[in-house]
Structures are given as structure tokens and as C-alpha cells.
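The values are calculated or read from the model by the stated rules, or taken from the named source; none is laboratory data. Keep in mind that what you see is a predicted model, and the values were worked out from it rather than measured. Cβ sites come from the backbone with ideal geometry, for glycine too, and all protein chains shown count toward neighbours. Only protein heavy atoms, including side chains, enter the accessible area calculation; ligands, DNA and RNA are left aside. Shrake-Rupley method; radii C 1.70, N 1.55, O 1.52, S 1.80 Å.
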Amino acid sequence: MSATVRDVPITAAAIRGEFPLLTNTAGGDRPLIYLDTGATAQKPQAVIDKITECYEHFNANVHRGVHPLHERITAELEASRKKIAAFLNTRPLDELDLLDDVSEIIFTSGTTMGINLVAQSWGRQFLKPGDEILLNPLEHHANIVPWQMIAAATGAKIVWCPLTADGRFDLDQFDKLLSRRTKMVAVTAMSNVLGTLPPVGEIVRRAHAVGAKVLIDAAQSAPHAPIDVQAWDADFAVFSGHKLYGPTGIGVLYGKLELLDEMGPFLGGGNMIDEVFDDHSTYKRPPFKFEAGTLPIAEAIALGTAIDCVQAWGWDVIHRQEQALLEACHERLEVIPGVTIYGPSVAHKGAIVSFTVEGIPAHDLGTSLAQRGIAVRASHHCAKPLHKCLGVDATTRASFAAYNTLAEVDALAEAIVNTQQMFFRRRG
Ligand SMILES: *Cc1c(COP(=O)(O)O)cnc(C)c1O
């Protein structure tokens with residue numbers, strides 16, 4: 001652990017070297033080109049090793065025993081929770097003079113589960129007929145459908161805030177729609193289709209001015225930029241482990257403690273109770289009130305390892321590499337006749353490029369790229385309202401991480417041109 005070793009900034013090539021899957025081929029000697037991090041990120045060796053270590057050396061259930069194995073696994077899990085709290089820059093709870101085992105970090109199965117938890121627990125309790133939930137077309141279905149469900153159950157109403165023509169969040173429209181009826185603003189920190197980065201802190205500030213709560217969907221932003229729930233003053237924030245280089249099946253819900261304390265539980269069962277009587281039960285404080293049943297323990301611990309990796313790489317290196325990839329991708333694709341890139345200019349977005357190619361259905365393009373070893377997404381990307389705004393059924397999406405290379409961007413551009421040649425030759 002000499003200081004000089006840690007002072008040398010890690011390179012993007014060194015980051016790539018930590019991902020064993022990326023050394024695979026796409027069949028034969030064709031390289032595997034993974035441009036689908038927006039759907040799920042690949043896993044560094046340290047995360048894979050941590051899961052194995054958990055099962056090989058300290059597998060047991062947490063919080064439930066006196067054996068050293070229980071102590072070890074519980075300590076590992078709670079250490080991961082603390083790492084996540086620091087990663088999100090939550091308030092240090094000891095400053096709040098709280099009991100030891102209270103936390104604002106709740107383990108969930110992922111972003112979808114976290115939003116459903118808030119919609120059901122907070123929404124059922126606090127939404128009344130006529131109240132408004134403010135959404136915008138950048139949202140993933142996971143940040144739309146749970147709100148529609150709770151709106152139907154409570155009589156609250158969904159209100160849509162339109163985007164600017166180039167696919168940015170429109171603060172002027174937002175101001176016009178905000179009112180005392182607005183009770184919840186649910187907004188993504190990064191669009192999984194356009195890469196748009198809504199001004200989260202400003203949205204929270206304006207929402208709070210009318211008394212609304214704000215949930216930030218950080219699923220797509222988490223691997224690309226720091227989350228700071230204090231700077232945002234977010235009431236709730238959610239993300240998924242698997243998009244942050246961690247395991248599937250684990251995610252995080254952050255909530256302000258005073259809100260979590262007011263909310264009833266979402267799921268009932270073991271682990272979350274204080275007392276169980278014949279006719280009712282009392283519940284623990286957060287996080288355990290919201291963690292009924294056995295967690296994906298190894299996954300939760302390995303998520304802490306994924307965060308260690310991100311912090312070792314450093315946001316500067318990650319950002320520089322992703323920005324270079326994004327700019328190169330725009331430059332290479334914009335000059336191909338027939339290619340349309342959707343959303344804002346590179347100055348207003350993260351490393352995601354969604355596009356269409358005139359005359360080639362997105363699915364056919366995706367299939368052709370796949371045959372050339374390139375993994376992209378070709379669909380509505382769980383964002384049908386957004387595609388309605390864009391006026392297309394589907395787009396092809398290249399999404400990047402710091403482990404991608406400029407040569408891979410070149411390969412994408414070349415494969416698009418080859419596909420055009422093949423497609424139009426075949427059609428005559
Ligand atoms: C992926 C994604 C989700 C859903 O995440 P799950 O891990 O499938 O629960 C929600 N919102 C955004 C912006 C996403 O990119």
C-alpha cells in the first residue's frame with residue numbers, strides 16, 4: 001500500500017483489464033464489442049471473486065445467529081451498507097445522534113423494486129384524490145408504471161412535463177406545472193435512451209418550494225457520475241447494483257430518515273418486525289423495516305466491492321474516457337448518410353447514443369451488428385412514452401463505459417456502413 005503506487009492514476013486500458021468477459025471473442029477470432037452497459041455493466045474480477053469468497057468462506061444468514069460465521073457475514077454486509085452510504089454522501093447518522101443500527105440505505109432487489117417500494121409505502125399513505133405526481137417522458141417504465149398503479153389506487157393524477165425539442169428537461173414547463181397539488185416529482189438523473197442529464201439539484205429545489213417530495217432514479221447515472229444525495233437534497237434515490245459493475249438482484253433505496261420513519265413497510269415477514277402479536281405487529285426502524293426476508297447477501301456485499309472498484313478507478317478517469325468515447329461516437333456516426341442521433345448535443349448528455357438508420361428497422365440493424373460481434377440494444381428501451389415523443393417505435397442504442405475503446409467506436413461506425421451496403425444491395 002505504498003503511497004506512490006496509489007498516486008499513479010489508473011488508465012482506461014487498466015480498467016478494461018479488470019473485466020474478464022471482455023477478453024472473450026464473439027466467435028472465431030472476432031473480438032467481442034460490448035456497447036450495452038446501459039442495459040447492464042460487465043463485472044470486474046474483484047466483484048466476481050467477492051461473491052465466490054462469500055460462499056466459500058463465510059456463508060450464513062445475517063443478523064440471526066451467534067456463530068462466528070453469522071458475525072462475519074453480518075459485519076461484511078453492514079460494512080457494505082456503510083460504503084454505499086458514503087458513496088451516496090448521506091448524512092453521517094452519528095451526527096444525528098441515532099442508534100447504531102439505523103440507516104437510510106435500504107437493500108432492494110434493484111431500481112424497479114425501490115421505486116415500487118416508495119410508490120406503495122409512501123404513496124399509499126400520503127397521496128389523496130387530486131394530488132399530482134409529476135413525470136416527464138425521459139423516464140424508464142420503472143419510474144412510470146409504479147406511479148400509475150398507486151395513482152389508480154389513491155385517486156392521484158399523473159402529470160407529464162414535456163421536454164425541450166432536443167430532449168432536455170424543460171425547467172420552464174416544469175415551473176408552470178408545479179403547484180401545491182404536486183406531491184411527488186419522480187425524475188431520472190440520466191436518460192437511458194438519450195443520455196440526457198436533467199438538472200437534478202434545481203428540480204429538487206423547485207419541487208421543495210411547493211412542498212413536493214422528489215425521487216431520483218439514479219439507475220443510469222450511477223456508473224457515470226457521483227451521486228450526492230445531500231447536494232441534491234433528494235428525498236429518495238434509487239439505483240441497481242448490476243448497472244454499477246455489481247451483481248444482479250441487488251439494488252439500493254436511499255430515503256431521508258424522517259420520511260422512512262413515517263412510512264409503513266412494503267413487504268411483511270421475518271427480519272423487519274419488532275414484536276409479533278396475534279392480531280398485529282410492530283416494526284423495526286429503517287433499514288430493517290423495509291428488508292423483510294433474507295436478502296441477496298453475497299450480492300449486497302459484492303456491491304460494496306463494485307463501489308471500491310469505481311473509487312479506485314476514480315471519476316476523473318471514468319469521465320474522461322467516457323467523454324472521449326461519446327464525442328468520437330457522435331463524430332463518426334453524424335457523417336454517415338441516413339443516420340439520425342436522438343437527444344441533446346454531447347455537452348448535455350452522458351455516454352449513450354441512440355440512433356436510427358434510414359431504411360433499416362432498428363431490430364434488423366441490431367441483429368446485423370450482433371453478427372459483427374457488437375452488442376447493442378435495439379428496442380424502445382423500456383421508454384415507450386419517450387419514443388412516442390421522438391416519433392419512432394424503436395432506436396438502436398450504443399451505451400459506453402470506461403472499459404470501452406475508441407477502436408470499438410470505429411468498429412461500430414464501420415459495421416453500420418457495412419450493414420447499409422448489405423441491406424441496400426439485397427433490396428436492389
Ligand atoms: C435500468 C433502469 C431502470 C430499471 O432498473 P432495474 O435494474 O431493471 O430495476 C430504471 N431506470 C433507469 C433510468 C434505468 O436505466
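Residue count for the stretch 173-204 satisfying the condition of being out of contact with any helix residue (DSSP H, G or I) (no Cβ under 9 Å at 6 or more places or on another chain) and over 26 Å from residue 326 (Cα atoms): 6. Between 6, 91, the distinction of being more than 16 Å from the ligand (Cβ to nearest atom) and at pLDDT 90 or above belongs to 91 only. From the list 144, 150, the one residue that fits, being among the aliphatic types (A, V, I, L, M) and closer than 22 Å to residue 173 by Cα, is 144. Return yes when residue 134 is assigned to a loop (DSSP other than H, G, I, E, B), touching a Leu at 6+ places or on another chain (Cβ under 7 Å), more than 21 Å from residue 90 (Cβ to Cβ) and open to solvent by less than 10 Å² (accessible area, probe 1.4 Å) and no when it is not. When the stated conditions are applied, residue 134 does not pass them.
Listed conditions (1) open to solvent by 30 Å² or more (accessible area, probe 1.4 Å); (2) in contact with a His (Cβ under 7 Å, 6 or more places away or on another chain) are all met by residue 322, apart from (1). Starting from residues that are open to solvent by 10 Å² or more (accessible area, probe 1.4 Å) and in contact (Cβ under 8 Å) with a residue 60 or more places away in the chain, keep the ones in the stretch 222-239 and report whichever is farthest from the ligand (Cβ to nearest atom). So, considering only residues that are open to solvent by 10 Å² or more (accessible area, probe 1.4 Å) and in contact (Cβ under 8 Å) with a residue 60 or more places away in the chain, the one farthest from the ligand (Cβ to nearest atom) is 230.
Here residue 151 fulfils each of the conditions (1) assigned to a loop (DSSP other than H, G, I, E, B); (2) over 23 Å from the mean Cα position of the chain (by Cα) apart from (1).
Condition check: open to solvent by less than 10 Å² (accessible area, probe 1.4 Å) and within 16 Å of the ligand (Cβ to nearest atom). Does residue 185 satisfy that? Yes: the conditions hold for residue 185.
Of the helices (runs of 4 or more DSSP H) lying entirely inside the stretch 222-334, none contains at least 2 residues that are among the aromatic types (Phe, Trp, Tyr). For the criterion of being outside any loop (DSSP other than H, G, I, E, B), closer than 25 Å to residue 347 by Cα, in contact (Cβ under 8 Å) with a residue 24 or more places away in the chain and touching a Phe, Trp or Tyr at 6+ places or on another chain (Cβ under 8 Å), residue 167 fails.
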